[in-house]
Structure formats: structure tokens, C-alpha cells
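Notes for the one structure printed next.
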Amino acid sequence: MSLLLEVLNLRKSFAASRTFLAPRRYVRAIDTVSLSVSRGEAVGLIGESGCGKSTVARCVMGLVRPDAGEILLEGQSLAEARRRRSARTHERLQMVFQDPYSSLNPRMSIEAILMEPYRIQGKLSAREMKERILRLLEEVSLPADSLSKYPQHFSGGQRQRISIARALALQPSLIVADEPLSALDVSVQAQIILLMKKLQLTHDLGFLLISHDLGVVRNFCTRVAVMYLGRIVEEGSARQVLDEPRHPYTVALREASLPPDISARDRLNKIQGEIPSALEPPTGCHFHPRCPHAMARCKVEVPGWSVLTDGRRVACHLYPQDAAVAAKIDQG
Ligand code: SF4
């Protein structure tokens, strides 16, 4: 599989609101993140709310300007903000948003919504545009008479199908989907996952799926990266990371997603405390105040990368660090 998206050593902080005369403080939303998506691959970026995963998505889309690091799409830099990016970049990179209720303009018909990307592109005749949008509707399994209707005539799942059709209009190579299923019922989620899988195969699409839902990621993604307080702590195949997690935080996340039986509650009790503030993240390993395996060095040393025998990478002092591999990963 050829590389589609490369995110290298990305960093982003936001200024926090401050009181009069108090020094400005910063929330470190992304504290050095590197990841990649290949053509036809679905990669999940998971973690609790506030871990920085949506900021990664917004940096990739050019909605937020990173402080440092590089983002490459098919080898070309995406350094510019969204409005300065070329038309070709907009075509290749599309986004599906979390809320299908607010992401579609209620004053535009479905025909106008789906036509819009083609009108902006200005390459097709009216007849060609109509043919394309009918084909898009067919691809997302919506009837042709949907064109004359408005978003409020559709259910949440149908609206997300329309959002996906609009994202597909210009034949992108990569779709960034930020919690696209979290506003939908579980039964509808399963249908949208099936649809995204079908489209991924048909169009050889790469997906970067941002989600806090391990079940959704398990069903859709082949590879998973786990984020905690702005850093990726574990990355590998979805099966490895979600079925046999190695990083203590991934273990905690997995256990929190299990059915609430007695044994699961017992295991959860091992994870202590609240998620720390990104304004003052813990020193060393950010997870050390909650980690049942924390050692003295965890409070002072940021763990480097260890590549395990099954190929996954883990940032944790429990695993011997391969200095050469860690340096290579840190440099991208
Ligand atoms: Fe726990 Fe230490 Fe590993 Fe962090 S580095 S996850 S504190 S064992």
C-alpha cells in the first residue's frame, strides 16, 4: 500500500483564557504526534475526550495551524491553512463531521448540497453534474427523489449518508471522519460502517477515523493509534491493540469498553484518578498518576518508543526501548 497521509512530529498548543495580570498559560493539545494512513487503509485514532485527537484531524484539514511538524498528502506538504490550499488538495482530502444535523445547510436542497462541490470546481456541464449526483445517491443507497428534499426531511443516518455522498463527490483519496457515528443509534451506526467499508473498497479510499468508541473502530479500522493527553502511546493493527493491548492506558480504555460485569469493574478499579488537565500535564509519562504499574522513572522520563515483536509500537517504560527505532520514529 502506498503512503497517502503522513503526520510527522505534529505539535499544537492553544492559549487558555486568563485573568487580569495573570501570565498567559497554554493548553498543549498535541504534544508530538506522528502517524500515517496508506491508500485504501482505515486508521483509527482513539482516546478519551480532550486527548487531542480532534485537533489532529483539524490540523490535517487545515482548520487549525500546527505550531510545529509536517503534514504530507501523497508526499506534498499541507502546510497552508485551508483557504490557501489548492483546489486539487481540497479534492483529494475531504471530511465527514460528527453531527449530521448541523453539517448540512437546512436551506439547501439535497440537489444543491451535492451539486455545490461540482459548481465550485466548474468543470462539468449541468447534465454531467446531474448524472454524478444521481450516481452518488445510488452509492450511499438513497433514492433519486431525495434530490428535491431538504436535510430536515431525513433521519440522522440518512443525513450522514448525504454527508458521505458530498465528501465523495470530487473523488478524494482520503476522508477524515471525526466521530461520524457518535450522534447515531447503534443499529444505524452498523449500517453506516458497512457503507463506509463498501466505499473504501470501491474507491480505494484512505480513512482517518477519529473516535472514542472502540467498537466502531474495531469494526472499521485495520490499524489503530491510541492518544493520551496529546501523545500517541500505542499503535498497531486493530486486532493487536484492541484485543491484546500492551500500554496500561490502552488496557484501561479496553476494560472501560467491556460490559459492566463484576470482573470488569474490579479491573477498572486499578485505574486511579481523573484525567489530568492539559494545562498542567503530569511530568514524565502523562499517564503515571493513574497507572497501576508506575515506577519512579515514570514521573521524570518521557517514555520512548518500543517496537514489540508483533510489530506494534508502545511508549511505556515497561518495555525495553529500541533507541535506533525510537529515533527513527521520532524523526518520521
Ligand atoms: Fe505506566 Fe510508567 Fe508505562 Fe507510563 S511509562 S504507562 S506510568 S508503566
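If you take the residues of the range 200-211 that are buried (at least 19 other Cβ atoms within 10 Å of the Cβ) and not hydroxyl-bearing (Ser, Thr, Tyr), which of them is farthest from the ligand (Cβ to nearest atom)? Filtering the range 200-211 for residues that are buried (at least 19 other Cβ atoms within 10 Å of the Cβ) and not hydroxyl-bearing (Ser, Thr, Tyr), the one farthest from the ligand (Cβ to nearest atom) comes out as Leu205. Condition check: open to solvent by less than 40 Å² (accessible area, probe 1.4 Å), in contact with a helix residue (DSSP H, G or I) (Cβ under 6 Å, 6 or more places away or on another chain), in contact (Cβ under 8 Å) with a residue 40 or more places away in the chain and under 22 Å from Ser211 (Cα atoms). Does Ser163 satisfy that? When the stated conditions are applied, Ser163 does not pass them.
Of the numbered criteria (1) farther than 30 Å from Cys298 by Cβ; (2) open to solvent by less than 10 Å² (accessible area, probe 1.4 Å), the one Tyr228 fails is (1).
Within the range 91-104, can you find the residues that are touching a residue at least 12 places away in the same chain (Cβ under 8 Å) and either of a type in the set (D, E, K, R) or open to solvent by 60 Å² or more (accessible area, probe 1.4 Å) (or both)?
Glu91, Arg92, Phe97, Gln98, Asp99, Tyr101
Looking for something open to solvent by 30 Å² or more (accessible area, probe 1.4 Å) and closer than 25 Å to Arg92 by Cα - is there at least one such residue anywhere in the range 44-53? No: the range 44-53 contains no residue that is open to solvent by 30 Å² or more (accessible area, probe 1.4 Å) and closer than 25 Å to Arg92 by Cα.
Within the range 125-141, the set of residues being within 17 Å of Ala167 (Cα to Cα) and either free of Cβ contacts under 8 Å to residues at least 24 places away in the same chain or in contact with a strand residue (DSSP E or B) (Cβ under 9 Å, 6 or more places away or on another chain) (or both) comprises Met129, Lys130, Glu131, Leu134, Arg135, Glu138.
Can you tell me which residue is most open to solvent (accessible area, probe 1.4 Å) among those in the range 174-195 that are part of a loop (DSSP other than H, G, I, E, B) and not small (Gly, Ala, Ser)? The qualifying residue most open to solvent (accessible area, probe 1.4 Å) is Asp185. Which one of the conditions (1) over 21 Å from the mean Cα position of the chain (by Cα); (2) modelled with pLDDT of 90 or more; (3) under 27 Å from Gly47 (Cα atoms) does Ser125 fail to meet, given that it meets all the rest? Here Ser125 meets the rest and fails (3).
The values are calculated or read from the model by the stated rules, or taken from the named source; none is laboratory data. As the structure is a computational prediction, the values presented were derived from the model and not from experiment. Because the Cβ atoms are built from the backbone with ideal geometry, glycine has one as well, and the counts that use them run over all protein chains shown. The protein model used for the area step is the full one, side chains on, heavy atoms only, and it has no ligands, DNA or RNA in it. Shrake-Rupley method; radii C 1.70, N 1.55, O 1.52, S 1.80 Å.
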